[in-house]
């Protein structure tokens, strides 16, 4: 039999009272990153982004108001450190540039929470092996999953004995453990069928555990795994009740889905969490008209000011990217060093593909893009693929192997390149269409595999 935590035992209600006036303090973070001189690192939270700067010898000092406990990832390139900051935090840490997440040592108020957070992060990174477990039989899968969860619980219980560890923090950690496992279970049938090429289902009691866990509980709101689990289950419930005519379950009316969440979930706090999770990425990938509808519905239903500010910022960033606005200019070299600028193609429509060799979905679009190039040869449209590979060599190797017959250029600053920042690109592939005058047609143009792309091109080419 598998083990799972009672939802009731995870709920924590904290009470405090005092007659003394409380002096306001900020979260404080200091320390040294050996080998990292005069650099800026990025702190990324759910709705907040901050920067941390090192001086000429790698020292840093950071202070900010985090009256609401906040979880961050501190990024150095693709490496990251997990951080938990509150206004009680007075924390220092040391690490090195070369072993950023491995050499870290925490000291001060908040050290134990952050030590636990990073130890757990290392364990859950190794849980990428979970995808190797999906081909197993249901019983074997449950056994392995329980073992992995117990390792995480043992770690959490070790720190629960310390009076220095925040109870609310531990509540979130334990919710992550519980709902992380339930999320894995909920995906078993789908992944098993894909990987093992056969149908299999988990035991009835595990399905019941998943169903019972779909509850609105404000105490779990800081748990990413809880929100991810709830989002997954509520979305599946919605699709079952409102099936799409498309084979893709994610091709649905998002504003209607938000309205359904509003009636389905009792807790305003959890509603807001689910609203935000549903749209925070979709709003950047949507067409202009869909984006307006999504934003309007979210603004009408959401009552969380932090979420609203975050979405307001994203939505405002697309104002300059509306149809008819001048497209952002750029200039990048091809494999032979020849520079191509957007302005070079004035007088023709330009279909732009922003991609990278490491991006599976990007490469999946290449065959259909090649068909477009062939079918619209000698027409007033140019096809340009812009690589944002960090590893230019990987891009060059692929070009030499594939011998693509349309313009291929490389943006050397990758995610920091102008074509990314100026067009609000947060994920790839991204396809954009620019008109003959260099103005935007759509910064989220249909992908080559979409049934909408050819009608769009035909409509544009039919205009005089």
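At a glance:
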quantity	calculated
Failed item in (1) in the same structural domain as residue 399 (by TED's automatic domain parsing); (2) under 27 Å from residue 233 (Cα atoms), with residue 335 passing the rest	(2)
Condition check for residue 149: part of a helix (DSSP H, G or I), in contact with a helix residue (DSSP H, G or I) (Cβ under 9 Å, 6 or more places away or on another chain), surrounded by 13 or more Cβ atoms within 10 Å (Cβ to Cβ) and without any contact (Cβ under 8 Å) to a residue 12 or more places away in the chain	no
Among (1) surrounded by 14 or more Cβ atoms within 10 Å (Cβ to Cβ); (2) within 28 Å of residue 309 (Cβ to Cβ); (3) at pLDDT below 90; (4) under 23 Å from the mean Cα position of the chain (by Cα) - the single one residue 84 does not satisfy	(3)
Selection status of residue 165, modelled with pLDDT under 90, in contact with a helix residue (DSSP H, G or I) (Cβ under 9 Å, 6 or more places away or on another chain) and either farther than 28 Å from residue 270 by Cα or not in a helix (DSSP H, G or I) (or both)	yes
Residue within segment 187-201 that is outside any loop (DSSP other than H, G, I, E, B) and closer than 24 Å to residue 271 by Cβ present	no
Only listed residue being over 24 Å from residue 323 (Cβ atoms), over 21 Å from the mean Cα position of the chain (by Cα) and surrounded by 13 or more Cβ atoms within 10 Å (Cβ to Cβ), chosen from 374, 436, 401, 412	412
Residue under evaluation residue 351, criteria (1) closer than 19 Å to residue 445 by Cβ; (2) out of contact with any strand residue (DSSP E or B) (no Cβ under 6 Å at 6 or more places or on another chain); (3) touching a residue at least 12 places away in the same chain (Cβ under 8 Å), criterion not met	(2)
Qualifying residue in segment 290-297 (condition: within 15 Å of residue 47 (Cα to Cα) and surrounded by 13 or more Cβ atoms within 10 Å (Cβ to Cβ))	no
Residue check for residue 409: modelled with pLDDT of 95 or more and over 22 Å from residue 455 (Cα atoms)	yes
Test result for residue 366, touching a helix residue (DSSP H, G or I) at 6+ places or on another chain (Cβ under 7 Å), under 25 Å from residue 346 (Cα atoms), surrounded by 15 or more Cβ atoms within 10 Å (Cβ to Cβ) and at pLDDT 95 or above	no
Where residue 172 falls short, out of the listed (1) in a helix (DSSP H, G or I); (2) surrounded by fewer than 20 Cβ atoms within 10 Å (Cβ to Cβ)	(2)
Single residue of 190, 228 found to be over 19 Å from residue 144 (Cα atoms) and either in contact (Cβ under 8 Å) with a residue 24 or more places away in the chain or surrounded by fewer than 14 Cβ atoms within 10 Å (Cβ to Cβ) (or both)	228
Subset of segment 295-316 [closer than 27 Å to residue 386 by Cβ and in contact with a helix residue (DSSP H, G or I) (Cβ under 9 Å, 6 or more places away or on another chain)]	314, 315
Residue in segment 330-341 that is surrounded by 12 or more Cβ atoms within 10 Å (Cβ to Cβ) and either in a helix (DSSP H, G or I) or out of contact with any strand residue (DSSP E or B) (no Cβ under 8 Å at 6 or more places or on another chain) (or both) present	no
Filter result (within 26 Å of residue 154 (Cβ to Cβ) and either crowded, with 20+ Cβ neighbours inside 10 Å or modelled with pLDDT under 90 (or both)) within segment 87-116	89, 91, 93, 95, 101, 102, 103, 106, 110, 113, 114, 116
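The values are calculated or read from the model by the stated rules, or taken from the named source; none is laboratory data. What you are looking at is a predicted structure, and each value in this text was computed from that prediction instead of being measured. Note that we place each Cβ from the backbone using ideal geometry, even for glycine, and neighbour counts take in every protein chain shown.
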